[in-house]
Amino acid sequence: MSHHIGPMSKKHRPKLRFILGDQLSRDIAALRDAEPATDILLLAEVGTETDYVPHHPKKIAFLFSAMRHFAEEMRAEGFTVDYVTLDDTANTQSFAGEVQRAVQRHKAAEVITTFPGEFRVLDDMQGWEQACGVPVEIREDDRFFCPTARFRGWADGKRQLRMEFFYRDMRRETGLLMDEGEPVGGQWNFDADNRKPLPARIHLPPDFFVKPDRITEDVLALVATRFGRNFGSLDGFDYAVTRKDALRALAHFISHALPSFGDYQDAMRQGEDRLFHSLLSPYLNAGLLGAREVCAAAETAYRDGQAPLNAVEGFIRQILGWREYVRGIYWLKMPDYAESNTLDAQRPLPWLYWGGETAMNCMAQCVDQTRRLAHAHHIQRLMVLGNFALLIGARPKEVAEWYLAVYLDAYEWVELPNVHGMVLHADGGYLGSKPYAASGKYIDRMSDYCRHCRYDVKTVVGDKACPFNFLYWNFLIKNEKRLGANQRMSLIYASLGRMDAAKRAAVTSQAKDFLNAL
Ligand SMILES: Cc1cc2nc3c(=O)[nH]c(=O)nc-3n(C[C@H](O)[C@H](O)[C@H](O)COP(=O)(O)OP(=O)(O)OC[C@H]3O[C@@H](n4cnc5c(N)ncnc54)[C@H](O)[C@@H]3O)c2cc1C
Ligand code: SF4
């Protein structure tokens, strides 16, 4: 859509305020001093963003619909919003091209935008001033608790970082779950009370869904035509795409799921996609919800006696701790972080991640959930899908690309440290002290997947042996030189030390055959 405007004196040339698809917050820095009477807001759907990885169709539909709704809301406030759709014939299909075109058509005096979530986009933004011939102001994204400079200061001089210490500092700084300078309940972390398997009989929270409106229907049609061949199903799209509905999703989580969030945070059950998770990450990451208001709502539920401390502390730690911590590491370590591969993992990502057949029930279930919903919860991403990629030695770059493509909440600032640091140990232990490698025993304890599997989780070698078992020991054997000296793995390596030579050879040989057949 082009707006043709007449000549203007320099004094009246508008400011162009550029909003990215994950910056859909009314209080985003670039909009803070915006004037409806004079300024122009620009949002653009561009091919460089839809195509740099093969995104799940639901992810593209969610973002485009949320962007279009945000544009409508800003128009309702009286702003002039210039919205460039993907199928606009004049669309240059890049941010740089669209900002440049908009500067020209509006005769803008300057561009104001907010710090992006991906290094790639920042790199692009840094060229805009020269390309557009007007000043470009990139404002700090202060929706996060911890500014990037603050994190840099915290990390400075530390050889290894630990989330737990960062998290305690953030609690002190924000006052979240603090009473007179002390953590509420006398402890920083209540994980010892969490991580229970799901009992056979338990009342699960009701689903939350939003019926697509006309704007979403239009987007779904566009996405079906353009991206229908990407991995992932568009069927049953029911995510919130407005702040109003995202707030309803938050309220739904607080009243129905938060009270048991801590207890069953690590549990998995076949046929139950959501359990007690919040499903709020897409809304937080796109800007429909703010991290501060989400943490405050959880704390209020605790103070009002509606949710226990282990649940609320566990939930707040994910957002105030992990989410901020991974972002800090991303901006501290990029661009080198994306190249890290300490364990020298070189195997191509197997086709089963893109829906190829597998007899491993846990993998099939988690991939299928990802295909249907563009969502899987943390333990599925970490201990099933991630663990398998770690054990088989999949190339970090390919694993990262997969996670970035398939999840509704995936942006590089949050996805990459989770993949390279938490899952693959590709960063040499900078983010986490040891890899989360685990055998089938863990999956069996935390889920019912093994009960429906053709493999036997209790067997380590042989025809029916669970692949997670022999791959686990094979991983430890293969990486003994690199990981054997890690204090946090000493117990595991001690049990490997007790394994007799014949079993070691059998494990290695079965793993080799399995990997060759992948
Ligand atoms: C390999 C891997 C890749 C991941 N990629 C992403 C990603 O691209 N985007 C993303 O938002 N999360 C990612 N996560 C973290 C986590 O799995 C998701 O945030 C979570 O599953 C989202 O579902 P939820 O909102 O129901 O989370 P809940 O279980 O309800 O947790 C509450 C909130 O805590 C935050 N959170 C929890 N764990 C993490 C974490 N490790 N890092 C950052 N934030 C966290 C999220 O904002 C989440 O909404 C990844 C984890 C792994 C192991
Ligand atoms: S037996 Fe092994 S492969 Fe099968 S579901 Fe259990 S952990 Fe997964």
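The values are calculated or read from the model by the stated rules, or taken from the named source; none is laboratory data. Since the model is a prediction, treat every value here as computed from it, not as a measurement. Ideal geometry is used to build each Cβ from the backbone, glycine not excepted, and the neighbour counts take in all protein chains shown.
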Practice problem: For segment 395-410, indicate whether the set of residues that are more than 23 Å from Ser447 (Cβ to Cβ), near ligand 1 (Cβ under 9 Å from one of its atoms), outside any loop (DSSP other than H, G, I, E, B) and at pLDDT 95 or above is non-empty. | Solution: yes
Quiz item: Could you list, in sequence order, the residues of segment 60-85 that are within 12 Å of Gly47 (Cα to Cα) and in contact with a strand residue (DSSP E or B) (Cβ under 9 Å, 6 or more places away or on another chain)?
Solution: Val84, Thr85
Quiz item: Quick one: is Ala364 at negative phi, within 16 Å of ligand 2 (Cβ to nearest atom) and surrounded by 18 or more Cβ atoms within 10 Å (Cβ to Cβ)?
Solution: yes
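Only one of Val414, Val419 is in contact with a Phe, Trp or Tyr (Cβ under 7 Å, 6 or more places away or on another chain), away from ligand 2 (no atom under 15 Å from the Cβ) and closer than 24 Å to Tyr167 by Cβ. Can you tell me which? Steps first, answer last, please.
Numbers: Val414 fails: in contact with a Phe, Trp or Tyr (Cβ under 7 Å, 6 or more places away or on another chain).
Every option except Val419 fails the conditions.
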Quiz item: For segment 453-461, does any single residue satisfy the condition of being closer than 20 Å to Asp266 by Cβ and either surrounded by fewer than 21 Cβ atoms within 10 Å (Cβ to Cβ) or in contact (Cβ under 8 Å) with a residue 12 or more places away in the chain (or both)?
Solution: yes
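If only one of Asp448, Asp456 is under 30 Å from Ala200 (Cβ atoms), more than 16 Å from ligand 1 (Cβ to nearest atom), acidic (Asp, Glu) and in contact with a helix residue (DSSP H, G or I) (Cβ under 9 Å, 6 or more places away or on another chain), which one is it? Write out each step before concluding.
On the way: Asp448 fails: in contact with a helix residue (DSSP H, G or I) (Cβ under 9 Å, 6 or more places away or on another chain).
Result: Asp456 is the single residue among Asp448, Asp456 that is under 30 Å from Ala200 (Cβ atoms), more than 16 Å from ligand 1 (Cβ to nearest atom), acidic (Asp, Glu) and in contact with a helix residue (DSSP H, G or I) (Cβ under 9 Å, 6 or more places away or on another chain).
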Quiz item: If we keep just the residues of segment 272-283 that are assigned to a loop (DSSP other than H, G, I, E, B) and among the charged types (D, E, K, R), which is nearest to ligand 2 (Cβ to nearest atom)?
Solution: Asp273
Self-check item: Output for segment 243-265, where each listed residue is surrounded by fewer than 22 Cβ atoms within 10 Å (Cβ to Cβ) and part of a loop (DSSP other than H, G, I, E, B)
Solution: Asp263
Quiz item: Within segment 308-329, can one find any residue that is assigned to a loop (DSSP other than H, G, I, E, B) and either touching a residue at least 12 places away in the same chain (Cβ under 8 Å) or of a type in the set (A, V, I, L, M) (or both)?
Solution: yes
Quiz item: If Ala511 satisfies every condition in (1) surrounded by 14 or more Cβ atoms within 10 Å (Cβ to Cβ); (2) away from ligand 2 (no atom under 16 Å from the Cβ); (3) of a type in the set (A, V, I, L, M) but one, which is the exception?
Solution: (2)
Practice problem: Could you tell me whether Ala286 is within 16 Å of ligand 2 (Cβ to nearest atom), touching a residue at least 60 places away in the same chain (Cβ under 8 Å), crowded, with 21+ Cβ neighbours inside 10 Å and not aromatic (Phe, Trp, Tyr)? | Solution: no
Quiz item: Tally time: how many residues in segment 255-310 are under 30 Å from Ala364 (Cα atoms) and polar (S, T, N, Q)?
Solution: 6
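For (1) surrounded by 19 or more Cβ atoms within 10 Å (Cβ to Cβ); (2) acidic (Asp, Glu); (3) farther than 27 Å from Tyr330 by Cβ, each residue gets a yes or a no:
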residue	(1), (2), (3)
Asp22	yes, yes, no
Arg26	no, no, no
Gln104	no, no, yes
Val111	yes, no, no
Practice problem: Can you run down the residue pairs with Cβ atoms below 8 Å, 6 or more apart or on separate chains, where the first is in segment 179-193 and within 11 Å of Gly314 (Cβ to Cβ) and in contact (Cβ under 8 Å) with a residue 24 or more places away in the chain and the partner is of a type in the set (Asp, Glu) and surrounded by 15 or more Cβ atoms within 10 Å (Cβ to Cβ)? | Solution: Asn189/Glu313; Phe190/Glu313; Asp193/Asp263
Quiz item: Which number in (1) away from ligand 2 (no atom under 16 Å from the Cβ); (2) touching a residue at least 24 places away in the same chain (Cβ under 8 Å) marks the one condition that Arg269 misses?
Solution: (1)
Quiz item: Are any residues in segment 57-103 in contact (Cβ under 8 Å) with a residue 12 or more places away in the chain and either among the polar types (S, T, N, Q) or at positive phi (or both), and if so, which ones?
Solution: Ser65, Gly78, Thr80, Thr85, Asn91, Thr92, Gln93, Ser94, Gln100
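Please enumerate the residues belonging to segment 331-361 that are among the aromatic types (Phe, Trp, Tyr), surrounded by 18 or more Cβ atoms within 10 Å (Cβ to Cβ) and under 25 Å from His452 (Cβ atoms). Let's see the steps before the verdict.
In the first step, residues of segment 331-361 are kept if they are among the aromatic types (Phe, Trp, Tyr); the result is 331, 337, 351, 353-354.
Restricting the remaining residues to those that are surrounded by 18 or more Cβ atoms within 10 Å (Cβ to Cβ) gives 331, 337, 353.
Hit for segment 331-361 is Tyr353, nothing else.
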